[in-house]
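Accompanying notes for the structure given below.
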Amino acid sequence: MHLPHPVHSLHTPAQQPSKLPAPVKLRNVTRLATGRRHGAGRASARLGADRGPQPEEPAAPPEEHRVSSQSTDRGDGYVRAGAIVFAVGAVATLVTFVPLFFHLTPLPTAAYWLSMLMPLGFLISLVGLLLSARAQRRRAAAADEARTTARTTA
């Protein structure tokens, strides 16, 4: 009994049965998500004609309650310093492992101690984050207290 060679028994792409699932119709998904037919009202939606009444923009918060994008917390300095120390430790870690991978002479022990800067930088940044969170919580409590006293005196 002669068995066919495995290469000769392969189906050609035209003969091979399709095992892929049927393609998903995105138009049905669009209808489910938006509640309208695919492509319906595109031109009028761009012009804003069929949107109906729009809610008014909320008024800007008073100047005293605005959050500053420029923070002067003590913890911010710790976070920046920790990031720099972490980066130095990461570079030192890479430098100390390169000789091990390429079977070169290992670096002295001091280079391995520099690798310990990476977790130290992480710890410094974590302390900075905690300090910033405490300062923010204190500011929020002070603002709530000021609003409470303003309401009771008014």
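How much length is gained if the chain between Phe97 and Leu129 is pulled fully straight, taking 0.36 nm per residue apart and subtracting their Cα-Cα distance, in nm to one decimal?
Values: separation 32, 0.36 × 32 = 11.52 nm, distance 3.03 nm.
Gain in length upon complete extension: 8.5 nm.
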Leaving out ligands and nucleic acids, and using a 1.4 Å probe, what accessible area per residue does the stretch 98-154 come to in Å²? 82 Å²
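According to the Kirkwood expression over distinct Cα-Cα pairs, how big is the hydrodynamic radius of the stretch 77-146, in Å? Could you put the intermediate results ahead of the total?
Numbers: mean 1/r = 0.0716 Å⁻¹.
Every distinct Cα pair counted, the radius reaches 14.0 Å.
So, by mean Cβ neighbours within 10 angstrom, what's the order for 88-100, 137-149 with the highest one leading? Kindly include the intermediate steps, with their values, before the conclusion.
Values: 88-100: 14.6, 137-149: 10.6.
Per-residue Cβ counts within 10 Å, averaged per peptide and sorted highest first, yield 88-100, 137-149.
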Which of Phe122, Pro106, Ala150 sits closest to the plus end of the dipole of the stretch 72-154, meaning its Cα is farthest towards the positive end, when Lys and Arg get +1 and Asp and Glu get -1 on the C-beta? Ala150
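The values are calculated or read from the model by the stated rules, or taken from the named source; none is laboratory data. Owing to the predicted nature of the structure, the values given are computational and were not obtained by experimental measurement. No Cβ is skipped: glycine too gets one built from the backbone with ideal geometry, and neighbour counts run over all protein chains shown. Remember, those area values only see protein heavy atoms, side chains included, never the ligands or the DNA or RNA. Shrake-Rupley method; radii C 1.70, N 1.55, O 1.52, S 1.80 Å.
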